1. Ala20 - would you say it is touching a Gly at 6+ places or on another chain (Cβ under 8 Å) and part of a helix (DSSP H, G or I)?
2. Can you tell me which residues in the range 21-45 are surrounded by 17 or more Cβ atoms within 10 Å (Cβ to Cβ) and in contact with a helix residue (DSSP H, G or I) (Cβ under 8 Å, 6 or more places away or on another chain)?
3. Taking Leu104 and the conditions (1) buried (at least 17 other Cβ atoms within 10 Å of the Cβ); (2) part of a loop (DSSP other than H, G, I, E, B); (3) modelled with pLDDT of 95 or more, which numbered condition does it fall short on, given that it satisfies the others?
4. Somewhere in the range 30-45, is a residue farther than 28 Å from Ala103 by Cα and in a helix (DSSP H, G or I)?
5. Kindly evaluate Ala41 against the criterion of being touching a Gly at 6+ places or on another chain (Cβ under 8 Å), more than 17 Å from His6 (Cα to Cα) and aliphatic (A, V, I, L, M).
6. Looking at Ala72, Ala14 in this structure, which one is touching a residue at least 40 places away in the same chain (Cβ under 8 Å), within 17 Å of the chain's Cα centre (by Cα) and surrounded by fewer than 13 Cβ atoms within 10 Å (Cβ to Cβ)?
7. Would you say Ala146 is assigned to a helix (DSSP H, G or I), at negative phi, in contact (Cβ under 8 Å) with a residue 12 or more places away in the chain and not aromatic (Phe, Trp, Tyr)?
8. Under the condition of being among the hydrophobic types (A, V, I, L, M, F, W, C) and closer than 12 Å to Pro32 by Cβ, which residue from the range 75-97 is surrounded by the fewest Cβ atoms within 10 Å (Cβ to Cβ)?
Amino acid sequence: MAGRGHITLVTGGARSGKSALAERLVARHAMPRLYLATAEARDGEMGERILQHQRSRGDGWQTIETPVDLAATLRATDGQGVRLVDCLTLWLANMQGSADIGALIVTLRQQSCPVVLVTNELGQGIVPANALARRFRDDHGRMNQAVAEVADQVWMAVSGLPLRLKPLREDPDEPV
C-alpha cells in the first residue's frame, strides 16, 4: 500500500461506546484486523474487563499485547492490516511519566496501513486534588491533541452515539 495510512482517533468518556465505535470503523477496511492491547490484567476485575472486550470483538482479530512499546509495535505491524489501538489512556498510564508522545506521532505519520486509536476524554471533569493526577490529566490532554492533529478523522462517542469531530464540516477560523 503506497502513501500514508489513514489515522483515526476515537475519544469519549467511560462506557461511552468508544471501543465499539472503533471496532465498527476498523470493520470498514477489507484487510486483516489487529488489536493492539495496552491493558494489563493486574487484578481479577481488569482481567474480566479484558475478557469481555475479547468476547464482544468475536473472531477475526489477532491480538498483540503492547502495554509500553506502542510505537515499536505499530512499526512492526505496519503492512499486516488495519490496527486498533485500545487504548492510549492506559498506554500513557503504563508509561508512568516516560511516554514519548513525539515518537508516537512520528510513527503514526509513517504508517502505510490504517490505524484506529481509542482514548478517553478526561478533561471534562473537576480539577484533580493532587499534583500527580493533574499532571497525568494535562499530559493526557496534550497527547490527545497531538494525535488528533495528525489524525485524518476524529470521532467522539457519547452515550453510544458517534459524533464526527474531524474533518470539520465548517472551518471555525473562516469569517462569517
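1. yes
2. Listed by number, the residues that qualify are Glu23, Arg33, Leu34, Tyr35, Leu36, Ala37, Thr38, Ala39.
3. It fails just one condition, (2).
4. Yes: the range 30-45 contains one or more residues that are farther than 28 Å from Ala103 by Cα and in a helix (DSSP H, G or I).
5. Working: touching a Gly at 6+ places or on another chain (Cβ under 8 Å): yes; more than 17 Å from His6 (Cα to Cα): yes; aliphatic (A, V, I, L, M): yes.
Here the answer is yes, as Ala41 does meet what is asked.
6. Of the residues listed, the single one that is touching a residue at least 40 places away in the same chain (Cβ under 8 Å), within 17 Å of the chain's Cα centre (by Cα) and surrounded by fewer than 13 Cβ atoms within 10 Å (Cβ to Cβ) is Ala14.
7. yes
8. Checking each candidate, the answer is Val82.
The values are calculated or read from the model by the stated rules, or taken from the named source; none is laboratory data. All of these numbers come straight from a predicted model, not from anything done at the bench. When we count neighbours, we look across all protein chains shown, and the Cβ atoms used for this are built from the backbone with ideal geometry, even at glycine.
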